[in-house]
Amino acid sequence: MPGWLKSVLGVDSLDEGAEFRLRHQTFVVRHGIPRSQAVLSAAQAQTGETFGFKWKKRDTFDSAASLARMRAWLVERYGDVAAAPWLSEHGDRPLLLDAGCGAGFSALELWGDAIPRLRYLGVDVSEAVDTARERFAERGLAAGFLQADISDLPLADASVDLIFSEGVLHHTRSTRDALTSLAGLLKPGGRFLFYVYRRKGPVREFTDDLIRDRLQSLTPDQAWRAIEPLTRLGISLGQLDADIDIPEPIDVLGIPAGRTTVQRLFYWHVAKAFYRPDLTFDEMNHINFDWYAPANAHRQSPEEVRSWCADAELAIEREVVEDAGITIVARKS
């Protein structure tokens, strides 16, 4: 555990078994990580259990192909942040809060070479923090970790230089509330980099809610298996390698005109059934499970996200809007 973490949290000891109070929460250090003892809502508890299960399955995301896919997609959306000119604006050893770090999958791929120059603090509501710490240690990278709800963190206002939250804010009770709470932790001039789900067309939204609701009564392992037939269908559609022309927009279903594959038409407008021939079955099932299993998985419009940023005094410097979601790099006023 890095020495700077005690000063960031404002505590005297982070020894194993240490217990302390921070901002109305009790924390206990177990296996080297301070863990909040706060009671979670049923939806947040289920979401935490789901992601703890998912990120422990390292063989479903830790291959060279899976890491390369994620790295390329992250850089495409955020830019090469490790080499970004603005990074020097945050001084020596800026504090980077990875809000919803999971297994450190996205942070390690995007921030990569810059991490030794940062004070990296990974926070997650689930036991995925243990997997993240393991993966950082394997790379010889010093990092701090905390198990807590990112909407209620025990950090001082205006104490954080950089916040990174890749695909996490929408897994809280409220995307807007999580964004607002985290933005309050940023120093003036600090930067917030995040990605949230975008609202889809009506058929896909209906199907997504239906599948997600049906998984809620299952254990994570049962939900994993329940998604497998959908993953097999995605593979079958992908292996068809068939194109289709949509002659004009079908506005009532939110389907644009143009040429696409049958698999992508189904993927974007019926149900998420991911396909990439360079990934294994379990890697594709991991991606589908990630979408459908959590109880909390809100979707939003670009207009909503822009409004929330303005209210939180975040000036958007970079915005990438895709069918899948909305990526933002914003600077705190």
Among the residues of region 32-52, is there at least one that is over 24 Å from Asn296 (Cβ atoms) and either over 19 Å from the mean Cα position of the chain (by Cα) or among the hydroxyl-bearing types (Ser, Thr, Tyr) (or both)?
yes
Got a sec? Which of Glu89, Glu16 is open to solvent by 30 Å² or more (accessible area, probe 1.4 Å), at pLDDT 95 or above and within 29 Å of Arg331 (Cβ to Cβ)?
Glu89
Can you pull out every residue in region 122-150 that is within 19 Å of Thr50 (Cα to Cα) and in a loop (DSSP other than H, G, I, E, B)?
Val125, Ser126, Glu127, Ala148, Asp149, Ile150
Taking Arg264, is it under 30 Å from Gln44 (Cβ atoms) and either hydroxyl-bearing (Ser, Thr, Tyr) or in a helix (DSSP H, G or I) (or both)?
no
Reported set for region 285-328 where residues are out of contact with any strand residue (DSSP E or B) (no Cβ under 8 Å at 6 or more places or on another chain), of a type in the set (A, V, I, L, M), touching a residue at least 24 places away in the same chain (Cβ under 8 Å) and crowded, with 21+ Cβ neighbours inside 10 Å is Ala293
Determine which member of the set Val75, Val8, Val81 is hydrophobic (A, V, I, L, M, F, W, C), surrounded by 15 or more Cβ atoms within 10 Å (Cβ to Cβ) and more than 22 Å from the chain's Cα centre (by Cα).
Val8
From (1) open to solvent by 20 Å² or more (accessible area, probe 1.4 Å); (2) closer than 28 Å to Gly10 by Cα, pick out the condition that doesn't hold for Leu153.
(1)
For the structure I just gave you, tell me whether Ile255 is surrounded by 18 or more Cβ atoms within 10 Å (Cβ to Cβ), closer than 24 Å to Arg212 by Cβ and more than 25 Å from the chain's Cα centre (by Cα).
yes
Taking region 204-225 and the residues there that are under 17 Å from Phe51 (Cβ atoms) and over 22 Å from the mean Cα position of the chain (by Cα), the one that is most open to solvent (accessible area, probe 1.4 Å) would be Gln222
Can Asp98 be described as in contact (Cβ under 8 Å) with a residue 24 or more places away in the chain, within 19 Å of Thr60 (Cα to Cα) and either open to solvent by 10 Å² or more (accessible area, probe 1.4 Å) or among the charged types (D, E, K, R) (or both)?
no
Restricting the search to region 226-248, which residues are touching a residue at least 24 places away in the same chain (Cβ under 8 Å) and within 24 Å of the chain's Cα centre (by Cα)?
Ile227, Glu228, Leu230, Thr231, Gly234
Per the filter on region 1-60, residues charged (D, E, K, R) and free of Cβ contacts under 8 Å to residues at least 40 places away in the same chain are Lys6, Asp12, Asp15, Glu16, Glu19, Arg21, Arg30
Quick count over region 159-171, residues being part of a loop (DSSP other than H, G, I, E, B) and out of contact with any Gly (no Cβ under 8 Å at 6 or more places or on another chain), is 1
What number of residues in region 297-333 are assigned to a strand (DSSP E or B) and more than 17 Å from Glu76 (Cβ to Cβ)?
7
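The values are calculated or read from the model by the stated rules, or taken from the named source; none is laboratory data. Keep in mind the model is a prediction, meaning the values are calculated, not measured. Because the Cβ atoms are built from the backbone with ideal geometry, glycine has one as well, and the counts that use them run over all protein chains shown. Keep in mind that these areas ignore ligands, DNA and RNA; they rest on the heavy atoms of the full protein, side chains included. Shrake-Rupley method; radii C 1.70, N 1.55, O 1.52, S 1.80 Å.
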